[in-house]
Structures are given as structure tokens and as C-alpha cells.
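Data block below; observations after.
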Amino acid sequence: MAVPALFLVLCTCLLGFYHVEATEDILSSLDSSFCHGGLEVIYPGLSIDKCLIIPKHLKLRQKVSTVWKAPQIYFSGGHKKNMYALVMVDPDAPSRTKPTSAYWRHWLVVGIQGNTLKKGRIQGTTLTDYSPPTPPQKSGFHRYQFMLFEQPPDAPVSLSEQEKSSRGKWDLRAFITRFNLGEPVATLQFLTQNYND
């Protein structure tokens, strides 16, 4: 029994897959309390299941910004018959001290089947293609927030022409209200900064 466990550990190390643990003494209480509901975001070499700061070592910040494509999204609480909407935003664009372009919309997928979320796949309608976290140099840490909403049945969700024209200055609250999405069933965020800083 020890041999399979050792093999799994060795494979994990060789493949470069990291599960980064959040450290409460680094995150503010506000940042660490954002996450709830059991959402998991999986990049090829990074598993995120709680609020955290992406460390600079192992070039993880660079990989999340320039190498990795859209992550897999797992939500074990997804109900088979329910539809969901996934939002990924940066509320700190262009900086946390001066968020004049917030919310910056990084990804928006609607009509996601609950059973696909349980399998770590997103099958739905992409309204905004995934754009990786790319905080500007010397702008400090940015929060990248993932919010999963239960979508009311038979209620198509779309973006207005004005919303389609720009990712920045998106009125997330108005969008949530317009489609009666309510409170998110699960949220997750990570903090990162420009990998050259």
C-alpha cells in the first residue's frame, strides 16, 4: 500500500502540480472571508480551493498570466438539473488603490449544466472568452474573483451591446440584478501581482 502512495507523490512532483495553501497571516480577514461554497479552480500546475496569494516561487505568477489557459472549474455542490453562471472578475483594475476600471470582466460563461461542474468541465455558453490575470507592473496585488450563480430556469442571460464593447467598468451588480441571479452559491479568489514585480 505504501508503494502506490509513494508513486503518486513522485508523479505529482514530476508533473509539477502544486496545491498552494492559503496562509491567514498574509491575507487580510476581508480577503480570506470572501471564499465559500466549495468552488475549486484547477490550472495545469496549480489547484486552488480556498482564498490565497499565489506565491512568486516556481514562476506560478508568470504561468497563470502567460502560459496557462482557462482553468477547470469544479463544484461538487452542483445539482444535476440546475443551470449556473460563472463570472471571473478583477475588482482592482487598474490597481486596488484606484480601481477606476472595476469590475474588469475576465470570463463569463452561462447556462452551465450542474452535472458538468461536478466533473470539472464547463459546458455552457461563453459570453466573454477567458482572459488570464495580467495585472499591470507596479500596480500591487489584484484580486481575481470567481463567482458561481444559480441561473433561474428558462431565463436566458446575455450581455448588452454596451457590455460587449468593453470588459472594463462592468457593472456586475446591475448584471446580477437584471437576471435575478441573487447571491453566488460559491465564490473563490486568489491574489497575484505582475510577475516582474
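A compact table of results
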| read-out | value |
| --- | --- |
| Tally of residues being surrounded by 15 or more Cβ atoms within 10 Å (Cβ to Cβ), hydrophobic (A, V, I, L, M, F, W, C) and assigned to a helix (DSSP H, G or I) across the range 141-197 | 3 |
| Only one of Lys98, Lys118 that is more than 30 Å from Pro153 (Cβ to Cβ), modelled with pLDDT of 90 or more and basic (Lys, Arg) | Lys98 |
| Members of the range 159-197 found to be basic (Lys, Arg) and over 25 Å from Arg96 (Cβ atoms), listed by number | Lys164, Arg178 |
| Restricting the range 40-97 to residues that are of a type in the set (Gly, Ala, Ser) and farther than 24 Å from Lys118 by Cβ, the residue that is surrounded by the fewest Cβ atoms within 10 Å (Cβ to Cβ) | Ser95 |
| Unique residue being under 20 Å from Val41 (Cβ atoms), in contact with a strand residue (DSSP E or B) (Cβ under 9 Å, 6 or more places away or on another chain) and surrounded by 14 or more Cβ atoms within 10 Å (Cβ to Cβ) when the list is Gln113, Gln123 | Gln113 |
| Subset of the range 23-63 [touching a Cys at 6+ places or on another chain (Cβ under 7 Å) and among the small types (Gly, Ala, Ser)] | Ser32 |
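The values are calculated or read from the model by the stated rules, or taken from the named source; none is laboratory data. Quick caveat, the model's predicted, so the values are computed rather than measured. Please note: Cβ atoms are built from the backbone with ideal geometry, for glycine as well, and neighbour counts cover all protein chains shown.
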